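Please read the structure below before turning to the comments.
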Amino acid sequence: MRCFLAILALSMTLCLSCSRGQPKRGPASPSLRLAVVTDLKGYLEPCGCTSDPLGGIDRLAAQIRTLREGPVPVVLLIAGDTFFDAAELEPVRVDQASRNAKTLAGILNGLEVTAVLPGRRDRAQPAATLEVLQEASEFPWLAMTSDADVLRTEAGALRLSIVGARPGSERDAVAAALGSVQAQSDLTIALVDGSRRDANRIGAIDGVDFVVQGGLDEDDLVPPHQAGNAWIFHASRQGQGLTVVDVYRTDKGGPFADRSEWSRAEAAVQLDRQISDLSAKITGWEKSGEVDAADLEAQRSRLAGLKSDRQALDAPAASANGNSLFARWIPLSNGVPRDKQVGKLMREHDKVVNEANRLAFANLRPPPLGPDDIAYVGSAACAGCHTTASWWWRNHAHGVAYLTLQQRNKEYNLDCVGCHVTGYNQPGGSTVTHNLNRALVNVGCESCHGPGAAHAKDPEKVGIVRDTPESMCLVCHTPEHSDLFDYDAYRKTLVVPGHGLPPMKR
Ligand code: HEC
Ligand code: HEC
Ligand code: HEC
Ligand code: HEC
């Protein structure tokens with residue numbers, strides 16, 4: 001009966017708000033929309049190797065443009081490593097990475113970025129590189145020369161203070177920078193590059209409403225969570241997705257209540273897990289009778305606390321009268337539209353990089369053969385004797401892996417070529433430009449059977465690796481580039497009549 005009444009009461013509140021023609025709870029239109037990007041790491045787009053590649057700065061651009069078409073002011077904030085994904089670039093990569101960063105800065109200019117807090121890897125680049133990039137950026141880079149910078153700006157009716165905290169800077173330094181300006185702002189947002197603890201520390205500063213957290217590097221998306229009165233937002237890495245936060249700010253100050261399902265659902269999962277773990281433990285302790293009564297009581301009351309926290313999550317979200325927010329994450333997956341103009345810039349960029357690398361590395365040779373090394377010859381040299389295997393291979397994905405890159409103007413791209421050719425950087429193998437007049441393009445026979453010049457010359461005397469151990473596949477089939485890789489399942493598809501099995505009789 002109680003339950004029935006509760007449902008009735010709930011449906012009445014819902015109906016009351018429906019009748020006003022407004023969303024289920026809260027004011028109709030947000031005062032502000034935050035678009036949050038974290039740990040972009042210079043990614044213009046995903047490599048395209050995996051089953052469901054996420055990301056693409058053209059997709060991000062399309063989202064931002066759509067957000068900006070609405071009446072709600074949009075503030076685009078970026079935190080964490082934005083332009084570079086390594087602190088110390090290998091010398092051969094410096095040019096490509098710098099070009100990449102510059103293209104990215106240009107595209108971000110078009111998105112009217114409000115502020116960027118560059119991460120530790122960005123900051124580790126040579127001063128000259130950073131200077132050029134900063135000059136090319138039409139948006140502020142925060143906390144480059146001090147522990148904390150405050151950017152004051154307005155969005156709609158709200159006065160914002162956006163504070164960037166230099167990685168590793170002390171909480172006090174950030175609080176001091178905010179000091180006097182906070183009284184004159186309606187919303188304070190901190191940009192951080194660091195661990196979760198760092199973000200929590202900054203979030204706990206009095207008056208900070210939101211923290212945009214970069215610096216989580218390998219972590220997947222982290223849902224919004226609270227530290228002190230502040231909400232901490234993250235948006236995944238490498239431009240895989242965008243976090244959008246609708247901010248409903250009333251005249252009253254005070255903390256924000258989260259009305260989005262996202263973080264509540266996540267919090268519920270965690271609490272459920274804690275409750276079931278603790279319940280099981282308590283049952284065990286009760287049975288064993290070895291635990292002190294006072295300790296047991298303390299644990300029971302902890303459990304009660306968890307249960308009441310859990311119930312609070314299910315209660316209708318905080319009242320519509322106070323400040324509230326609604327956060328969602330938009331994965332930039334295949335189905336998401338792309339911005340055509342930005343796409344064009346990306347394609348031009350690919351061409352420029354390809355051509356620049358082709359010329360710059362024209363004389364790059366692989367390491368020389370050591371006394372015990374065997375040279376690579378290329379798949380064509382195997383075809384004369386292993387006819388059926390060659391037919392099979394030419395139509396297999398491995399046999400067209402280079403074409404995959406050529407079609408995208410990426411065959412000279414240092415981020416790509418290594419796994420789409422044979423014997424990359426191996427003694428007597430290939431480099432980004434050097435491929436024995438194309439003999440070593442594609443993932444050839446020798447990618448799996450090892451360098452074969454000696455065997456091809458005298459197969460009666462010199463053998464070659466027959467079966468490929470998993471470790472060889474894993475050189476290219478890394479989790480980042482081959483998310484579905486399973487050695488047995490993948491290998492099975494290679495061993496077919498004519499290659500590893502007797503050819504079919506006609
Ligand atoms: C001149 C002919 C010839 C050429 C060229 C040649 N092979 Fe062979 N290959 C043979 C013969 C003969 C055998 C041994 C007989 C057999 O089992 O088929 C063999 C065996 C193999 C085996 C099985 C090894 C084993 O231990 O069972 C593999 C794998 C192989 N070759 C790969 C290659 C690759 C890769 C190339 C090119 C780099 C190549 N071969 C070039 C003639 C050739
Ligand atoms: C030198 C790098 C490299 C090595 C070594 C390598 N692969 Fe691949 N593999 C690739 C690339 C690149 C592709 C995708 C080519 C394309 O479509 O452009 C691929 C594609 C495949 C596919 C096709 C997947 C599909 O969805 O169609 C299979 C299966 C596969 N590899 C299995 C293996 C196995 C098993 C091994 C080890 C025995 C191996 N590969 C070793 C680079 C490699
Ligand atoms: C570490 C090795 C590695 C690197 C680096 C790499 N790839 Fe791949 N790529 C692979 C493998 C392995 C596959 C096959 C994955 C699978 O099917 O499981 C693949 C598949 C692909 C495919 C899908 C082909 C198809 O027909 O479905 C595309 C496109 C591709 N890669 C493009 C790129 C581009 C562009 C880059 C550079 C930005 C790149 N790759 C860098 C290993 C790599
Ligand atoms: C992606 C990895 C891969 C590539 C590329 C590849 N092979 Fe193989 N090959 C294998 C595996 C795995 C086997 C099965 C080994 C076994 O059954 O012991 C095999 C078996 C063979 C055998 C032994 C056949 C038999 O029945 O004796 C020959 C010969 C061979 N491959 C030749 C080639 C040639 C030639 C090419 C290039 C045209 C090639 N392979 C490309 C992985 C590869």
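The values are calculated or read from the model by the stated rules, or taken from the named source; none is laboratory data. Fair warning: this is a prediction, and the values are worked out from it, not measured in the lab. Cβ coordinates were reconstructed from backbone atoms using ideal geometry, including for glycine residues, and neighbour counts include every protein chain displayed.
Structural remarks
- Only a single criterion out of (1) modelled with pLDDT of 95 or more; (2) assigned to a loop (DSSP other than H, G, I, E, B) is not satisfied by V465, namely (1).
- Qualifying strands (runs of 3 or more DSSP E) (wholly inside the range 192-287; at least 1 residues being modelled with pLDDT of 95 or more and within 21 Å of V75 (Cα to Cα)): 210-214, 230-233, 241-248
- Residue count for the range 154-191, restricted to those that are over 30 Å from the mean Cα position of the chain (by Cα) and either farther than 21 Å from V75 by Cβ or β-branched (V, I, T) (or both): 5
- Those residues of the range 479-491 which are part of a helix (DSSP H, G or I), of a type in the set (D, E, K, R) and either within 12 Å of ligand 3 (Cβ to nearest atom) or within 22 Å of C382 (Cβ to Cβ) (or both), in sequence order: R491
- Criterion violated by P366 - all others in (1) at pLDDT 95 or above; (2) under 28 Å from V245 (Cα atoms); (3) part of a loop (DSSP other than H, G, I, E, B) satisfied: (2)
- Extreme residue, nearest to C416 (Cα to Cα), among residues of the range 469-478 that are part of a loop (DSSP other than H, G, I, E, B) and at pLDDT 95 or above: C476
- When H434, H449 are checked against the criterion of being farther than 18 Å from W393 by Cβ and more than 16 Å from ligand 3 (Cβ to nearest atom), H434 stands alone in meeting it.
- Residue among T82, T103 that is under 16 Å from the mean Cα position of the chain (by Cα), modelled with pLDDT of 95 or more and either surrounded by 15 or more Cβ atoms within 10 Å (Cβ to Cβ) or within 22 Å of D198 (Cβ to Cβ) (or both): T82
- Looking across the range 433-454, the residues that are within 10 Å of ligand 2 (Cβ to nearest atom) and not aliphatic (A, V, I, L, M) come down to N442, G444, E446, S447, C448, H449.
- Any chance A143 is assigned by TED's automatic domain parsing to the domain that holds L34 and surrounded by fewer than 18 Cβ atoms within 10 Å (Cβ to Cβ): no
- Restricting the range 247-295 to residues that are of a type in the set (A, V, I, L, M) and loosely packed, with under 13 Cβ neighbours inside 10 Å, the residue that is nearest to A327 (Cα to Cα): A265
- When the range 377-399 is filtered for residues that are more than 7 Å from ligand 4 (Cβ to nearest atom) and among the small types (G, A, S), the ones remaining, listed by number, are G378, A380, A381, G384, A397, G399.
- Filter result for T114 (within 22 Å of V208 (Cβ to Cβ) and buried (at least 20 other Cβ atoms within 10 Å of the Cβ)): yes
- Annotation note: Cβ proximity below 8 Å between a residue of the range 364-382 that is within 13 Å of N425 (Cβ to Cβ) and a residue that is aliphatic (A, V, I, L, M) and within 16 Å of ligand 3 (Cβ to nearest atom) (sequence gap 6+ or interchain) occurs for L364/V92; L364/V432; Y376/L440.
- Single residue of A356, A315, A360 found to be small (G, A, S), modelled with pLDDT under 95 and not assigned by TED's automatic domain parsing to the domain that holds N109: A315
- Among residues of the range 396-418 that are without any contact (Cβ under 8 Å) to a residue 60 or more places away in the chain and assigned by TED's automatic domain parsing to the domain that holds S430, those with a beta-carbon under 8 Å from a residue that is basic (K, R) and away from ligand 1 (no atom under 16 Å from the Cβ) at least six positions away or on a different chain give the pairs Y412/R358; V417/K410.
- So G463, is it surrounded by 13 or more Cβ atoms within 10 Å (Cβ to Cβ), within 23 Å of A383 (Cα to Cα) and away from ligand 2 (no atom under 15 Å from the Cβ): no
- Residues that are part of a loop (DSSP other than H, G, I, E, B) and near ligand 4 (Cβ under 7 Å from one of its atoms), drawn from the range 492-501: L494, V495
- Which listed residue is more than 16 Å from ligand 1 (Cβ to nearest atom) and in contact with a helix residue (DSSP H, G or I) (Cβ under 6 Å, 6 or more places away or on another chain), from V400, V432, V465: V432
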